[in-house]
Structure formats: structure tokens, C-alpha cells
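Data first, discussion second: the structure below is written as C-alpha cells.
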Amino acid sequence: MGLFSLFTKEVAIDLGTANVVILQNDTVVVDEPSIIAVDTISRQLVAVGKAALMMEGRTPPGITTIRPLKDGVIADFQAAEMMLKEFIKMTGTKGYLFPPSLKMVVCIPSGITEVEERAVRDSSEQAGAKEVRMIFEPMAAAIGAGLDVMSPDGNMVVDIGGGTSEVAVIALGGIVISRSSQTAGDEFNDNIIDYMRRQHSILIGRSTAEAVKFKVGAAIDNLEDPPEDYEIHGRDLVDGIPKAVKVNYREVAAALDHSISEIESIVLNTLESTPPESSADIYKNGIYMAGGGALLRGLDVRISKLTHLPVHIASDPLKAIARGTSIALKNFDKFPFLIR
Ligand SMILES: Nc1ncnc2c1ncn2[C@@H]1O[C@H](COP(=O)(O)OP(=O)(O)OP(=O)(O)O)[C@@H](O)[C@H]1O
Ligand SMILES: [Mg+2]
């Protein structure tokens, strides 16, 4: 550790709608859901991250849970600031002579407005950052997937998060073209809740819907290695009594079909608008997927079938964007695409 690093703490932050991942010295130091719990009246912080998530949907009286981000951007500025402060505290000050000066790179969705970008910068500064740079998420995803973003070779990345899906073509250190949609993991959960209500007359909460997605979620109905049916519990819509239902992955594929088609259409739309030279590169290199949604069973196969292109899933897709942001942090003054 150089002398400089005794005074400066450098962190890379993926401030996601569903999860916040923070890396310091290439190590994941925070990996928490993007949620806080506050006292309903005083608005004082009660819990953050995993501890707050446990309260969601079953909040004790006097406590409210807040998800500060929605659709990829900060929806509740005050809550975002509180959350970020707590997460930065979790990174600790061990090994520093004095309270270190904080330098950070935060990733932001490519379709972000100026006001939304300002909100990210302000909450980073409020959380203690002295120097902040931002990076567009698809760029971070591409770096995290191990691609050489400075090369002239065009690459396509598809990042499916909780609140946004982003598709981008990257070449020569820039985003050649990008498209985004608010159809992503959160909407998949809503699709599952709706499906269960319509088909099985059962009312389930968000966390159960997410468990269904993890256990038996699929984008196609002919998986090579299908998961076993998964039993869920919820409230019967007719008599109000708790009941159990076994869910098959094919049902989830049906429930998600419409949303997946929306993601397919932004992929196609991006390909159609890609300059021919980059198209030729993508034909050769294929498509790279990152973000938690990349883990949905059969999604790679479905996109590959649609585009007739090879589809690669970044290793540990939930952390790929944060990993890319961390590499950007190391090139703080070098990467031309970091936003001041
Ligand atoms: N195994 C899995 N199968 C399907 N979906 C998954 C799986 N694991 C995680 N997810 C989903 O991925 C989403 C979270 O991904 P990620 O952490 O990349 O999003 P985010 O960065 O917080 O959101 P955004 O980029 O939209 O702001 C959640 O909706 C989660 O349910
Ligand atoms: Mg993300």
C-alpha cells in the first residue's frame, strides 16, 4: 500500500435498483440489497440492506421500508443518501491514519437524465466523496465481462438488472449505440405475482415471487436441464386462507414471455441501428450478457435463437458491472469515457 492510499480510500460502486455492490482494492466489500427501513414518523434509519430486506412486506408497526432506486435511477434522494452513507461506513476505515478522503466511481444507466445524474453525484458527495466520476453501466458491464472497450472491435452487451435492461454496442472507448427498457428483474417479479393470482388464485408477495424466479424461473419452455417444481405458499384469493401451490418452470416461462419479448425487441432494435462495421464485429464476437437477469434459465438460448448469434454470459454476472467499475477506478484519469 503506497503512502497515498493511507489517506485516500478508493471505492467502485454499482448503485443498482436491486443491489449495491462496492469494491475496494478489487475486493467486494459490500454486496447488499438496495433497501432501507426507517421509523415511519421520525424518518430515522432503522436498518439497511439485508436487515431491511427481512422487514419488507412484513414491516412491524412504525417501520417503513424504502427502495431508494426505481427503474435504475434514484427515486428517493434522501433515502438514497442514507443508504449510500451506511454502505460506505461498512467499508470501514481500518488501515487509514486519518479519516480517508474518498474517491469513487459510480455507474449510472446510459439513458439517465441530467437531473438524475445530478442526484447520483449529490448523494455520492453527501456520502463523503471528494472526487466522483461516473461511468455508463453498459460500459462498466463490457469491461467487467473482460472486453477490451478501447479496441476498434465493436461488442454488444446486454445488462439486465432489477430496474433496467440496457443494450449497447461499444467500440473505441465509446457507446456507439444503446437502448434501454424498464422491463427487467422487478417486472419479472410482478409478472409472476400476476400469473399466480390469475392462474392459481393465490396472492404472493414480492420475495416469494423472486424465490419462484430463482428456483424455477425460465425464459423458454424446453430447458435442457429443467429444475424441479417449486412449492410456494400464499393467501387464497377466494377464502383468504393460506394455501400451497406447486409451480413448474414452464408456467414461469409463460408468465415472463411478454417481458422477455420486450427485451428481445430492444436487442433487435439495437442490432438494426448498429453501423455495418460494428455489425460485422458482433457477428464474429457475439453478444455478452451481464446483470442478475443474465442468470434467468434459457435467456441466453432464447436471445441466441432470435439473433442467430452466440451469446456469452459474463462470469458472476451480478458482480460484473461492479467489477468493470472497479477497473475504471484504477484508470480514473486515463479512461476518456469517465464522466466528471
Ligand atoms: N438466478 C437468477 N435468476 C433470475 N433472476 C435473477 C437471478 N439472480 C438475480 N436475479 C435478478 O437480477 C436482478 C438484480 O440484478 P442486478 O443486481 O444486476 O440489478 P441492479 O444492478 O441492482 O439493477 P439495475 O441495473 O436495473 O439498477 C433482480 O431482479 C434479481 O431478482
Ligand atoms: Mg445494474
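Overview of results
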read-out: Burial order of peptide ranges 112-125, 136-149 (average beta-carbon count within 10 Å, highest first); value: 136-149, 112-125
read-out: Ratio Rg/Rh [Cα only; Rh per Kirkwood] for the stretch 214-340; value: 1.10
read-out: Accessible carbon and sulfur surface of the stretch 185-255 relative to its total accessible area, %, 1.4 Å; value: 45
read-out: Accessible surface, per residue, of the chain when the full set of protein chains is kept, probe 1.4 Å, Å²; value: 46
read-out: Average projection area in nm² (convex hull over Cα atoms of the chain, one quarter of hull surface); value: 18.4
read-out: Length added when fully stretched, GLN44-SER207, from 0.36 nm per residue minus Cα-Cα; value: 56.2 nm
read-out: Cα→Cβ-extended label distance, 7 Å offset, between ILE339 and MET54, nm; value: 3.7
read-out: Taking all pairs of distinct alpha-carbon atoms in the stretch 185-255, Kirkwood radius in angstrom; value: 12.0
read-out: Long pairs among LYS50/LYS130; LYS50/LYS89; LYS70/LYS305; LYS103/LYS330; LYS215/LYS246, criterion Cα-Cα beyond 20 Å; value: LYS50/LYS130; LYS70/LYS305
read-out: FRET efficiency, 1/(1 + (r/R0)^6) with R0 41 Å, evaluated for ASP76 and SER265 via beta carbons; value: 0.85
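The values are calculated or read from the model by the stated rules, or taken from the named source; none is laboratory data. Bear in mind that the values here come from a model prediction, so they are computed numbers and not experimental data. Please note: Cβ atoms are built from the backbone with ideal geometry, for glycine as well, and neighbour counts cover all protein chains shown. Surface accessibility is based on the protein's heavy atoms, side chains included, excluding ligands, DNA and RNA. Shrake-Rupley method; radii C 1.70, N 1.55, O 1.52, S 1.80 Å.
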